[in-house]
Amino acid sequence: MKTEACSWRHQVASGNSLLELVVSMSVLLAILALVVAIMIYGVRMFGHTSLRQGLEGDARRISSRLKKDLALSDFHTVSVQERLVSGLRRDGVGLGSLSDWNDPSNFQAGLGLPRWNRYTVYYATQEATGRLVRQDIEPPGIPLAGWNSPYSALSSNLRDDPTLNTSVVSSTVLSSQVEHFECRADVSENTVTVVCRLREKGQNVAGTNKKGDESIQFRLLLKTKNTWPDI
Amino acid sequence: MRVPIQKGIALISVMMVMGVLLMMTISFIQVNRDNIAQVNSSEKRDRAQAACAAVYNYVLYRLEHDKTFGTAPFSGEKDTIAAPEMRVTEVAASNRLEGEIPALQATFTATLSNNLNVDATSVTGVPAHSALLEVTCDSNGIQRSVETLIRVAPLFDSSALSRGSMNIEANSFRVRSRDKYRNLVRSEGEVRVPSVLSGTPRTRFLEPESNVTDSKGMIWAKDKIFAGGDDIAGDLLDANSNSGGRFVPEAKQHFQIHDLQASDIQLPTSTIPVRAGEYRFTMATATIKAVSAHHYEEGSWPFEHREDAETPWETTQLIHVMEYYEKPGQPSPTRVFRSNTRLDDIKPPDLRGTIDSTTVTDVQIVYDTPGANSAAVPVIANDTVYIDEVEGSNKVAVDLLNQRIVLPPGETVSANGDFKVTTERGEPPFIELGSTSSDRAAIVADGTINLEAGVTGGFGTLVAKSGDLLLRPEGTLAVDVTSNGYDGLVAYAGQDVILKNPSDSGRWTFNGLVYASRNFKFDANNADTRLEGTLVARDGNIDFLKAGDVDFVYNPDYLDAMLKGLPENRVELERVYWKE
């Protein structure tokens, strides 16, 4: 028993040699470094993907709202305000809308036409990184038959601080990463074209030392479904 | 002691790494699953939306081909009209349709409240002449609902419509409308209007009877628009601002011009056939035999001497006649008519004293046309002759004394061929249509109607089924469309419509509908012109020439009053709103 115990002690003592310790620590460190690198890579990849998916989500939200609002509007009420910031467009577009589609009093008696009683305005602020703002505006003095012409105060009601705009009944920021927002109402086709580019800088891209710079651009060709009489 | 610690670090490290990797994997899976779910949901939503649109188009098709569709409860039959990709069942004893569109993996329910044929709002609140359609579609659990109101559309939605070019050669051009919602001029070809870019704009969009600009006004062209000779494409904002409305050059939208048939026009049901051919008002050389009663007096009243006498005389001179040519181009007239009491164009010889009366006893017309069978043609008629096809009908009168053709009110005069009233020499005749809005007259000819040589007055309808329509209508003044009728004129031609203003002064006003299957040409004779109603050149050009100030005023009431509904319960519909 004693001999076996001494032998065991001898083996343990031999494993604790400095060389073995250095080697084992190096291996452990290498493994840890690899693990940390993988983790950092993964986190950056995840961050990058999240960044892209965030922009895609904004794009989906913007296009979905725009599509619906434009579809429900009347082309006769659509107007576009062009604005340029450092060579990039930060336009505003106004379109007639209804406060409540289920309220019969919002339709003209005898004809059934919607009495456009508000305007929905989309615009990109003119800050370095713009925000895309959607606001419902109810200008005073709604005509009996509703607004049948474009929003006359569009150009003056597109402030960088959306809370300072007048006659606002609701306001939403659909994205805070707007670089370019260009609108064009084409009466020859009865369509509204929207080109929107969202851009966001994030952490370093995985595997590089470059900062993440993700952008997404989409172009919508939208047609109003409530243009009456048809153009 | 060191050995267990080393083992613990390795285990913890591995567990930590595994944990982080697991969390990341779970997050990736979660994010991707959300994305896939979003995409799937979006696809289903799109499919449901597409299904709603398909059902809307299906119901629109059914209603346009039968405006009574859905007015009575369905009998529960399966629809065999729908395309094979769509299965539709009419739910018995209801106004509901159900079905599926397998390609879109969608089922649907549609409820139709058809009030198209009713003049009043329905009890469920559907406006007159409208139909409400509510559609709900389900695609794999995702539902979309659409509600839409459709109504009867006007056959023509503009004051002027042309598939070709439009040229308004005028001092000024004003586009107006009595429709609260539309004020349009449309053309598929080039449009040329007076200037709008420089100086005082001479093309403007205005409210009727006012100088207030009309922002809904629009000149729409699939080709270029020229104002004062300048292409306005590069200056649209200025052009719009100056005119008060909108110019839309090089439009890419499609628009259709209804192919109006002669049978679509409201006509008096009672028809009187007249002899087709040419009625030529001219002057012919004639040998006239007459007896004049005359007297001679000497001194002052009471006359010392008075002598009465009757003197027969004979002269050869030019007199007014109306020639009738049964066939176009024939060298001599089929018949010639001359009033036997007309004396204003006869110069009696110098007789002693004053002529009290003259009676024409014989007129022999001397034709200098080679081959003219003069012996067969002279007819010394009463002051009025009738040109009815049926002898003795005596409804369509020609007043030879005053050179007037008087059409019977409330009747349709029908010619089996061309109907031409021309002037070769002498005074032009007057063609009198109905005198009141409820007493309109109509001429329908299988070929051409040519009344260009005469002046046409009054209210009525002129239909040249397969030929041209040429006339010089008097400008009417008032605008009045009532339930009893309208004061305008309908001019329809299977080919060209050519109008000329008979007067070069004042203001020429045309109320009604002009429909040319090909071209429309108007010579304004330098007068101001107002055209209220609708002007259509379906497959041709519109030309306004030598005009002063031109006003187009769209008035849909004329269309309603002048046209019948489409045959076989067909109707054209337009969407009033779309709610989703």
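The values are calculated or read from the model by the stated rules, or taken from the named source; none is laboratory data. Every value quoted in this text rests on a predicted model; they were computed, and no experiment measured them. A quick note on method: Cβ atoms are made from the backbone with ideal geometry, for glycine too, and the neighbour counts reach across all protein chains shown. Heads up: the accessible areas ignore ligands, DNA and RNA and are worked out on the full protein's heavy atoms, side chains in. Shrake-Rupley method; radii C 1.70, N 1.55, O 1.52, S 1.80 Å.
Of the residues making up segment A:118-136, those that are at pLDDT 95 or above, over 15 Å from the mean Cα position of the chain (by Cα) and not in a strand (DSSP E or B) number 1. Inside segment B:132-168, residues that are among the aliphatic types (A, V, I, L, M), in contact with a strand residue (DSSP E or B) (Cβ under 6 Å, 6 or more places away or on another chain) and closer than 29 Å to B:GLY512 by Cα make up a count of 6.
Scanning segment A:37-55 for residues that are open to solvent by 70 Å² or more (accessible area, probe 1.4 Å) and β-branched (Val, Ile, Thr), we see that the one that is farthest from the other protein chains (Cβ to nearest Cβ) is A:ILE40. In summary, A:SER155 fulfils each of the numbered conditions (1) within 14 Å of chain B (Cβ to nearest Cβ); (2) part of a loop (DSSP other than H, G, I, E, B); (3) farther than 26 Å from B:TYR577 by Cα with the single exception of condition (2). Within segment B:395-428, the set of residues being of a type in the set (Asp, Glu) and modelled with pLDDT under 90 comprises B:GLU411, B:GLU424, B:GLU427. Counted as qualifying within segment B:245-306 are the strands (runs of 3 or more DSSP E) with 1 or more residues that are surrounded by 16 or more Cβ atoms within 10 Å (Cβ to Cβ), within 14 Å of another protein chain (Cβ to nearest Cβ) and of a type outside the set (A, V, I, L, M, F, W, C), namely B:246-248.
For the subset of segment B:178-205 comprising residues that are polar (S, T, N, Q) and within 14 Å of another protein chain (Cβ to nearest Cβ), which member is farthest from B:ASN167 (Cα to Cα)? Steps first, answer last, please.
Here is the first cut: in segment B:178-205, the residues polar (S, T, N, Q) are B:183, B:187, B:195, B:198, B:200, B:203.
Subset that is within 14 Å of another protein chain (Cβ to nearest Cβ): B:183, B:187.
Values: B:ASN183: 18, B:SER187: 10 Å.
Among them, the one singled out is B:ASN183.
Go through segment A:107-127 and give me each residue that's in contact with a strand residue (DSSP E or B) (Cβ under 9 Å, 6 or more places away or on another chain) and open to solvent by 10 Å² or more (accessible area, probe 1.4 Å).
Our first condition is that a residue be in contact with a strand residue (DSSP E or B) (Cβ under 9 Å, 6 or more places away or on another chain); within segment A:107-127, this holds for A:107-108, A:111-127.
Answer for segment A:107-127, where residues must be in contact with a strand residue (DSSP E or B) (Cβ under 9 Å, 6 or more places away or on another chain) and open to solvent by 10 Å² or more (accessible area, probe 1.4 Å): A:PHE107, A:GLN108, A:LEU111, A:LEU113, A:ARG115, A:ASN117, A:ARG118, A:GLN126, A:GLU127.
The single condition among (1) outside any helix (DSSP H, G or I); (2) surrounded by 18 or more Cβ atoms within 10 Å (Cβ to Cβ); (3) at pLDDT 90 or above; (4) of a type outside the set (Ser, Thr, Tyr) that B:ALA239 does not meet is (1).
The single residue among A:ASP58, A:ASP74 that is on the phi < 0 side of the Ramachandran plot and away from chain B (no Cβ under 11 Å) turns out to be A:ASP58.
Okay, residues lined up against (1) in a strand (DSSP E or B); (2) closer than 30 Å to B:GLY76 by Cβ; (3) open to solvent by 50 Å² or more (accessible area, probe 1.4 Å):
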{"residue": "B:GLN143", "(1), (2), (3)": "yes, yes, yes"}
{"residue": "B:LEU149", "(1), (2), (3)": "yes, yes, no"}
{"residue": "B:ASP157", "(1), (2), (3)": "no, no, no"}
{"residue": "B:LEU161", "(1), (2), (3)": "yes, no, no"}
{"residue": "B:ASN167", "(1), (2), (3)": "yes, no, no"}
{"residue": "B:ARG192", "(1), (2), (3)": "yes, no, yes"}
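For segment B:18-123, which strands (runs of 3 or more DSSP E) that fit wholly inside it have 1 or more residues that are among the basic types (Lys, Arg) and open to solvent by 50 Å² or more (accessible area, probe 1.4 Å)?
B:87-90, B:96-101
Candidates in segment B:206-226 are the residues that are in contact with a Pro (Cβ under 7 Å, 6 or more places away or on another chain) and open to solvent by less than 50 Å² (accessible area, probe 1.4 Å); of these, the one that is farthest from the other protein chains (Cβ to nearest Cβ) is B:ILE225.
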